[in-house]
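What follows is one structure encoded as structure tokens, with my remarks underneath.
The values are calculated or read from the model by the stated rules, or taken from the named source; none is laboratory data. Keep in mind that what you see is a predicted model, and the values were worked out from it rather than measured. Here the Cβ positions follow ideal geometry from the backbone for every residue, glycine too, while neighbour counts run over all protein chains shown. SASA here: full protein model, heavy atoms, side chains in, ligands and nucleic acids out. Shrake-Rupley method; radii C 1.70, N 1.55, O 1.52, S 1.80 Å.
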Amino acid sequence: TPVMANEFSFSFEWGDIPLCTSGHPNIVKNPKFVLSNVPEHTKVISFRLKDLDAPSYDHGGGKITYSGNNEIEPGAFTYKSPCPPGGSHRYVWTATAKEKDSFFGGTIGKAKAMKLYPNK
């Protein structure tokens with residue numbers, strides 16, 4: 001999906017996670033995220049991973065306190081790694097920017113980024 005100018009977006013690389021194709025994910029550190037055009041007044045960004053080819057499986061995610069740094073390094077949170085049995089799956093990270101640390105309300109922006117895993 002093309003990104004419009006000044007639209008909240010991000011990119012990521014899977015990084016140094018163990019290759020997993022057994023269907024039994026590992027607990028790993030988050031990938032490095034590079035954020036662009038984070039909405040003004042963002043205090044918290046939550047990240048969730050979804051397998052588009054097995055959407056009922058919960059890979060989890062995490063949240064970070066946003067202080068203006070647009071690079072989120074591995075180790076900010078842990079999640080269940082991608083681990084598709086029998087080939088590549090399409091995985092989407094969703095980042096939700098919030099103006100307060102609250103489960104309900106406060107959302108001021110959302111962005112998504114997709115990659116195959118394994119990407120061979």
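For the peptides 106-118, 38-50, the ranking by mean Cβ contacts within 10 Å, running from highest to lowest, is 38-50, 106-118. Within the shell defined by Cβ-Cβ distances under 13 Å, the residues around Lys112 carry a net charge of +4, with Lys and Arg each +1 and Asp and Glu each -1. Surface composition of the chain: carbon and sulfur make up 51 percent of the accessible area, probe 1.4 Å. Compute the FRET efficiency between Glu99 and Glu71 as 1/(1 + (r/R0)^6), taking r as their Cβ-Cβ distance and R0 = 25 Å, and round to the nearest 0.05. Computed FRET efficiency for Glu99 and Glu71 comes out at 0.75. Counting only Cβ charges, +1 for Lys and Arg and -1 for Asp and Glu, the dipole size of the chain around its Cα centre is about 180 debye. Judged by the mean number of other Cβ atoms found within 10 Å, the most tightly packed of the peptides 89-96, 15-22 leads the ranking 89-96, 15-22.
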